[in-house]
Each structure stands twice: as structure tokens, then as C-alpha cells.
2 protein chains.
Amino acid sequence: MSPKTDLRRLARMFKALGNENRLQLFVNLLEESQLDLAKGRTHDCFLTKLLGGLDIGAPTVSHHVKELADAGLIDTQRDGKQLICSVNPEVMRELRALLAPGDQG
Amino acid sequence: MSPKTDLRRLARMFKALGNENRLQLFVNLLEESQLDLAKGRTHDCFLTKLLGGLDIGAPTVSHHVKELADAGLIDTQRDGKQLICSVNPEVMRELRALLAPGDQG
DNA sequence: TTGATATTTCGACAAATGTCGAACAATGCG
DNA sequence: CGCATTGTTCGACATTTGTCGAAATATCAA
């Protein structure tokens, strides 16, 4: 993976987080994930559970979730009626590596 | 600062990093900063030094730098002809806190 | 002063984005 | 089956964004 490709991928992730509603969605999912990690079980965050305070329609939510997924920030999978979302840990590590070079600060 | 305000600020930062050219600018600055930290002196990254491989005009660069500054990601100050840029360390800590909750991973 | 360097401001404009409503699809329940 | 849940697809549309060229500004040097 060339640096140029990396940059493009990273920019896409940041762009995905650069919308207030999408960021809220993502933060909700992050918090859910931590909750579930604490409980020692895998997280089952279906969509409507993540809509805390978001005042946007269902089509828009669907669009945003897809955008987060396309950016590689989250993984999704169907389970019956529901769409299960989870944070992509690999990608989180990548973002951290960029923002915390050397872990100083 | 309400959580809503925080979210708005964060989204703005991410949006600023969500453009390829702006991200490149920022990464260049990050790297310069580290170099200078290693050398034990303050960094003097004037603009044209940060343009590595960026194929955009001066007006666009100026626009992008302002956007990064407005988002709070970088600080700028004039020094004669040149514009000195530096990463805002406080804000970096904030971003890391969001992406590395509990530092697990 | 004349001129070079570094950056900004100003309009303009095509392209991308965020959102919507209406309709559609898939699943599960009684 | 008929119907409610959960999410998606499809246009549409106003707003925002990224970029440009031309002109302006500021600083320094000869």
C-alpha cells in the first residue's frame, strides 16, 4: 500500500467522521462497544439502538452507516430484521498511530 | 462545554482532515514537528516548506491552512514574509482521547 | 523605488454532500 | 395471509466544498 493510497484511505475515514450526525452515530457505537467489552460479551448494536438524539430520517441514517462502513470504520452484518454494527478495531489502531506518533504529549 | 458543542468541534476537526490535500498538509506538519522535537528546537514550518507533492495553487493552500486553523488543529503566526504553522498539541490530545478510549487495542 | 517572494482576498463555478419523501424489500409475528 | 419492524433504494434539491485565476497586500532586498 503506497503512502498515497494510505493518505486517501485516511482522508476518507476522517471525512466520514466529519459530519456531525455520522460522528454521533460512531461515538454511540464506540460507547456501546466499550460497554459490551466491559460486560465481556460481543456487542450487538443494531441500528435503531444507536440513534440517540439524532434527528434525521431513516434513509439518511442508512446512507450514513454505509458511508462509515465504506470508509472502513465500522463493520456491519445482517441478523434477521436488524443490522448489527461494530467498530473495526484494526482501523482504530491505524488512526491512533497517525495521531499519537511516539505517544508523546 | 456541552457534549453537543464538543461533538460539533470534533466533527469540524475531522472534516478539516477529511480532504486529501489538507490531510497531506497536516501530516507534513506533524512530521516536521517531530523532526524539530527530535532536534530539541521549536519548529519553524513556513508554508511553502509543507507543500511536498501537493499540486494545488497558492490560493487553495491558503484556504486550506485557514480551515485547519479554524478547526483548531494548527496554530499560525506571521514572521515577516512567512506564515509559521504548528500543530496544536492540546487538540491532538483531545483527538487521541476520543479514538483510544482506555488505550486498549 | 523597483522588483521579487510569500501569502491573501475576491468572485466564480463545477462537483460533492446531506437531507428528504415516496416507494420498495425483507423479516418475523399473530 | 395481513401487518408491523427494520432497513434500503431512488430521485430530487439546496447547500457546501475545492479549486481556480486575477488582483491585492505585505515584507524584504537591491
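With the simple model of a label 7 Å out from the Cα in the direction of the Cβ, B:Ser2 to A:Asp55 spans 1.0 nm. When the alpha carbon gyration tensor of the range A:3-94 is reduced to an equivalent ellipsoid, the three semi-axes, largest first, read 21, 17, 12 Å.
In chain A, which longest range has no trypsin sites (Lys or Arg not before Pro) that are both DSSP loop (not H, G, I, E or B) and surrounded by at most 11 other Cβ atoms within 10 Å? No qualifying site falls inside A:1-40, the longest such stretch.
Let me know the charge dipole size of chain A about its Cα centre in debye, to the nearest 20, where only the beta-carbon of Lys, Arg (+1) and Asp, Glu (-1) is charged.
Details: 14 positive and 14 negative charges, 52 e Å.
Dipole of chain A, to the nearest 20 debye: 240 debye.
In the structure shown, the pairs B:Lys49/B:Lys81; A:Lys49/B:Lys15; A:Lys4/B:Lys15 are assessed against 22 Å; a Cα-Cα span above that value is assigned to A:Lys49/B:Lys15.
What value, in deg cm²/dmol to 500, does the helix sum -39500 (n - 2.57) over DSSP H runs of n ≥ 4 give at 222 nm once divided by the residues of chain A? It comes out at -18500 deg cm²/dmol, rounded to the nearest 500. The modelled label-to-label distance between B:Glu90 and B:Gln34, using points 7 Å beyond Cα along the C-beta direction, is 2.5 nm.
We did not get these values from a lab; they are worked out from the coordinates using the rules stated. None of the values given here were measured: they were computed from a predicted structure. A quick note on method: Cβ atoms are made from the backbone with ideal geometry, for glycine too, and the neighbour counts reach across all protein chains shown.
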